[in-house]
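Working notes for the structure below.
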Amino acid sequence: MRLILLGAPGAGKGTVAKLLTKLDGSVQISTGDILRGAVAAGTELGLKAKAAMNSGGLVSDDLIMGIMAERLQQPDCAKGFLLDGFPRTIPQAEALKILLAKLGIKLDFTVEIDVPRAVILDRLTTRRTCSNSSCQAIYNTKSNPTKVNGICDKCGSPTIQREDETEAAISKRLDTYDAMTAPLVGFYKKEGNLLTVSATDSNVVVKAIQDKLAG
Ligand code: AMP
């Protein structure tokens, strides 16, 4: 399957993407994970992205499009992909449309995961992420805690609260979403290919996607 997953930070895009990858071998492409990996590795990309990320703002469209043009041509995308956290601005959506046409790739549809703001705030402040950049497993101190407090179940590295998951950064990220990314809902609605799912349970979102794929 080839989908765009839209939704505010904390809406469950990553969780839904991971569940979907198990269905047909599609790969999850998270620009946030790619950028965090680059920051941790101290690459030029990471250095350019770090300040915007930590403040809850957005990394430039040019940098993001450079990453995606390369990523979408990698062989593991052949079975399908789930775009998680991209596109995030109207210029990215327009550039993606041109890129996909150039690569001869057709998307199935865009999914908007709609979750109440109060749920999102609660989820993000209790989220913990594995500090190992090649793992980046996600936990939640309330709903999905690690077996040993503060230690990743998968790789044994410490889990941390991300710098962009402090209350101040979260509030800025949600403002950024409203201003820059929420307009994409209208963009994809106009394209006639949008599935909106209002659900806090990721399995419900996955089921709605499966139903639409089955036609
Ligand atoms: P995420 O994990 O998707 O919430 O992304 C974490 C941070 O990475 C965001 O708050 C942005 O600073 C940056 N980022 C991720 N994806 C994009 C994108 N498509 N465009 C611009 N910035 C992005």
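Filtered by the rule that a residue be more than 13 Å from the ligand (Cβ to nearest atom), in contact (Cβ under 8 Å) with a residue 40 or more places away in the chain and in a helix (DSSP H, G or I), region 41-89 gives 41, 76, 77. Test residue 139 against the criterion of being under 17 Å from residue 84 (Cβ atoms), aromatic (Phe, Trp, Tyr) and surrounded by 15 or more Cβ atoms within 10 Å (Cβ to Cβ), and give yes or no. For residue 139, the condition - under 17 Å from residue 84 (Cβ atoms), aromatic (Phe, Trp, Tyr) and surrounded by 15 or more Cβ atoms within 10 Å (Cβ to Cβ) - is not met.
Based on what the data block shows, is residue 93 more than 9 Å from the ligand (Cβ to nearest atom) and in a helix (DSSP H, G or I)? In short, yes.
Let's see how each residue does on (1) closer than 22 Å to residue 96 by Cα; (2) away from the ligand (no atom under 16 Å from the Cβ); (3) at pLDDT below 95:
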{"position": "158", "(1), (2), (3)": "no, yes, no"}
{"position": "162", "(1), (2), (3)": "no, no, yes"}
{"position": "168", "(1), (2), (3)": "no, no, yes"}
{"position": "171", "(1), (2), (3)": "no, no, yes"}
{"position": "178", "(1), (2), (3)": "yes, no, no"}
{"position": "185", "(1), (2), (3)": "yes, no, no"}
{"position": "196", "(1), (2), (3)": "yes, yes, no"}
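For the residues 84, 108, the requirement of being modelled with pLDDT of 95 or more and surrounded by fewer than 17 Cβ atoms within 10 Å (Cβ to Cβ) singles out 108. Scanning region 139-160 for residues that are in contact (Cβ under 8 Å) with a residue 60 or more places away in the chain, under 20 Å from the mean Cα position of the chain (by Cα) and under 22 Å from residue 16 (Cβ atoms) turns up nothing.
Within region 26-40, if we keep just the residues that are aliphatic (A, V, I, L, M) and outside any helix (DSSP H, G or I), the residue that is surrounded by the fewest Cβ atoms within 10 Å (Cβ to Cβ) turns out to be 27.
Just one of (1) on the phi < 0 side of the Ramachandran plot; (2) of a type outside the set (D, E, K, R); (3) modelled with pLDDT under 95; (4) within 10 Å of the ligand (Cβ to nearest atom) fails for residue 37. It is (4).
The values are calculated or read from the model by the stated rules, or taken from the named source; none is laboratory data. All figures in this text were calculated on a predicted structure; none of them were measured in a lab. Neighbour counts run over all protein chains shown; Cβ positions are idealised from the backbone, glycine included.
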